[in-house]
2 protein chains.
Amino acid sequence: MTAPRRTAAGDRGGRPPVSSAHEVAAVAQRVLLERGFDETSVDELAAAAGISRRTFFRYFPTKADVLFADSPAEVERFRAGLAAGGPADSWRVVVTRAVMEALRFAPEDREWALHRAQLFFTVPAVQAHAVRVWATWRQLAVDHARRVRHDDPLFSLAVGHAVLAATLAAHEYWTREPAADLGDLLARTLDLLLPPDPPSQR
Amino acid sequence: MTAPRRTAAGDRGGRPPVSSAHEVAAVAQRVLLERGFDETSVDELAAAAGISRRTFFRYFPTKADVLFADSPAEVERFRAGLAAGGPADSWRVVVTRAVMEALRFAPEDREWALHRAQLFFTVPAVQAHAVRVWATWRQLAVDHARRVRHDDPLFSLAVGHAVLAATLAAHEYWTREPAADLGDLLARTLDLLLPPDPPSQR
DNA sequence: CACGTTATGGCACGCGGTGCCACAACGGAA
DNA sequence: TTCCGTTGTGGCACCGCGTGCCATAACGTG
């Protein structure tokens with residue numbers, strides 16, 4: 001019947017892509033940082049990456065998404081970090097470790113991460129989009145908290161929002177004091193904002 | 001010269017507005033809730049309010065702004081609440097009171113407030129805009145915290161983000177349990193998320 | 001009536017984002 | 001080789017949001 005499946009061998013067939021999401025993101029990020037987010041149109045980004053405007057929107061559903069190309073990897077690290085916590089570990093420690101692990105970057109990516117963070121707090125459109133992306137983080141944190149306090153949904157929600165608030169506070173401070181270590185800042189803000197262990201009462 | 005100032009008497013002159021921001025907001029909010037945010041165009045909102053599309057954008061800089069018509073009043077209540085705290089009051093109590101005071105609504109506005117909260121967590125465009133509006137809240141909270149701990153800017157930032165996180169968590173819970181009292185929820189989430197009083201160490 | 005003032009509404013434009021479709025570039029089978 | 005299915009590409013038209021520009025309407029005052 002119409003042989004829908006390709007034989008085997010690499011699972012390829014059809015026209016090969018002229019580029020990749022990673023390549024386009026790398027070019028676009030550089031251009032966006034150089035010329036400004038709102039001052040750069042998608043047409044310019046596409047031209048810089050050597051693709052058409054229409055193809056750009058196949059790689060990224062939104063102009064802002066090009067700044068979050070590695071977001072899925074971060075989310076996956078966060079998820080793995082939450083799952084890696086042993087039963088003996090305090091949940092606050094588990095969450096803190098997971099956040100720090102998820103947001104860790106290679107030294108050569110530090111400047112890029114800093115620039116991106118600065119975009120969050122200066123360009124409204126980027127910040128707006130970041131909130132939508134980080135909803136996944138929040139949900140993961142909420143699910144994790146629910147496993148600790150399945151009796152108190154408000155507590156779980158608060159934990160989820162606390163994770164985001166701590167992450168944002170650390171990044172905001174970082175943009176003003178770039179010499180600081182983001183990991184240290186995250187550890188401190190999480191310690192400040194994560195609710196304390198539930199008292200043994202009730 | 002050219003008599004720039006009108007004589008006196010009510011400070012009026014020129015063509016009178018055909019409507020007001022409050023009237024337009026009331027109509028638009030109803031339509032948006034009935035037909036959905038993304039499914040309603042600005043042309044439809046303008047037509048429903050009896051004004052032109054161009055005039056709509058003079059009343060509100062953005063389609064989403066029509067949902068935040070009373071935001072300035074809330075911000076002002078928040079600011080006043082923060083300033084009203086006596087020196088004997090704990091800063092956590094002051095902040096909690098200020099938030100609850102700012103977000104208090106008349107009983108007849110309860111349903112509208114609930115619907116608006118539901119829009120925050122379902123329509124990405126609204127949530128994105130809310131973040132930008134609430135940056136003012138955060139800044140006020142940060143400034144207030146700085147008066148308590150002027151030595152620790154990271155602490156101040158964390159407080160600011162905690163206020164927003166608690167507000168969001170309370171609203172999110174409220175949208176799922178509309179029978180709950182928003183004030184109670186706010187008090188609980190703020191108690192969970194506001195950092196504890198700085199220990200007397202150092 | 002002429003004038004300044006203020007609000008309105010129409011028009012054109014740019015930009016982000018989407019649906020549709022023709023076509024290009026690959027592998028495989030006849 | 002030719003035909004075919006598959007997959008990526010790019011062009012085009014379209015819609016909605018938001019803005020700048022400008023003509024004009026509606027007021028008060030001289």
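The values are calculated or read from the model by the stated rules, or taken from the named source; none is laboratory data. Because the structure is predicted, anything quoted here is derived from the model rather than measured. Ideal geometry is used to build each Cβ from the backbone, glycine not excepted, and the neighbour counts take in all protein chains shown. Keep in mind that these areas ignore ligands, DNA and RNA; they rest on the heavy atoms of the full protein, side chains included. Shrake-Rupley method; radii C 1.70, N 1.55, O 1.52, S 1.80 Å.
Viscosity 1.567 mPa s, temperature 4 °C: Stokes-Einstein D of chain B from its Kirkwood Cα radius, in µm² per second? The calculation lands on 68 µm²/s. What's the long-distance tail for segment B:48-88, i.e. % of Cα pairs beyond 12 Å? The proportion of pairs with Cα distances above 12 Å equals 69 percent. Rolling a 1.4 Å probe over the protein heavy atoms gives the protein assembly as shown an accessible area of 53 Å² per residue. Label-point spacing for A:Pro87 across the identical copies (point 7 Å from Cα in the Cβ direction), in nm and ascending order: 5.4. Placing B:Glu74, B:Glu177, B:Glu111 in order of accessible area, with the largest value first and a 1.4 Å probe, yields B:Glu111, B:Glu177, B:Glu74. Of the GluC sites (Glu not before Pro) found in segment A:19-49, the ones in coil according to DSSP and having at most 14 other Cβ atoms within 10 Å of their Cβ are A:Glu39. Between copies, the label points at B:Ala106 (set 7 angstrom from Cα along Cα-to-Cβ) are spaced 6.1 nm, reported in nanometres from shortest to longest.
Would you mind computing Rg(Cα) / (2.2 N^0.38 Å) for segment A:19-66, counting N as its residues?
Working: Rg = 9.2 Å, N = 48, 2.2 N^0.38 = 9.6 Å.
In units of the globular-protein estimate, segment A:19-66 measures up at 0.96.
Considering only protein heavy atoms and a 1.4 Å probe, what is the carbon-and-sulfur percentage of the accessible area of the protein assembly as shown? Reported share for carbon and sulfur atoms: 53 percent. If you bin all the Cα-Cα distances of the protein assembly as shown at 10 Å, starting from zero, the percentages per bin are 4, 19, 26, 25, 16, 7, 2, 1, 0. Residues of segment A:144-159 that bury at least 10 Å² of accessible area once all protein chains are present, compared with their chain alone (1.4 Å probe, heavy atoms only, ligands and nucleic acids left out), are A:Asp152, A:Pro153, A:Leu154, A:Phe155, A:Leu157, A:Ala158.
State which helices in chain A qualify, where a helix is a whole DSSP H run, it must extend 15 Å or more along its own axis by its Cα atoms, and its mean Kyte-Doolittle hydropathy must be at least 0.0.
Numbers: long enough: A:21-35 (21 Å, 0.31); A:71-84 (19 Å, -0.06); A:91-102 (16 Å, 0.68); A:110-122 (18 Å, -0.31); A:124-148 (35 Å, -0.14); A:153-176 (35 Å, 0.68); A:182-193 (16 Å, 1.00).
Helices meeting the criterion: A:21-35, A:91-102, A:153-176, A:182-193.
When chains A and B come together, the accessible area they lose, probed at 1.4 Å and totalled over both chains, is close to 2600 Å². Each copy carries a label point for B:Pro178 at 7 Å from Cα along the beta-carbon vector; from one copy to the others these points are 4.9 nm apart, nearest first.
Averaging Cα coordinates gives a centre for segment A:140-202 and one for segment B:114-168; these two points are 15 Å apart.
Averaged over A:176-184, how many beta carbons belonging to a partner chain fall within 10 Å of each residue's beta carbon? Don't skip to the end; give the middle numbers.
On the way: counts 3, 2, 0, 0, 1, 0, 0, 0, 1.
The mean count of partner-chain Cβ atoms within 10 Å per residue comes to 1.
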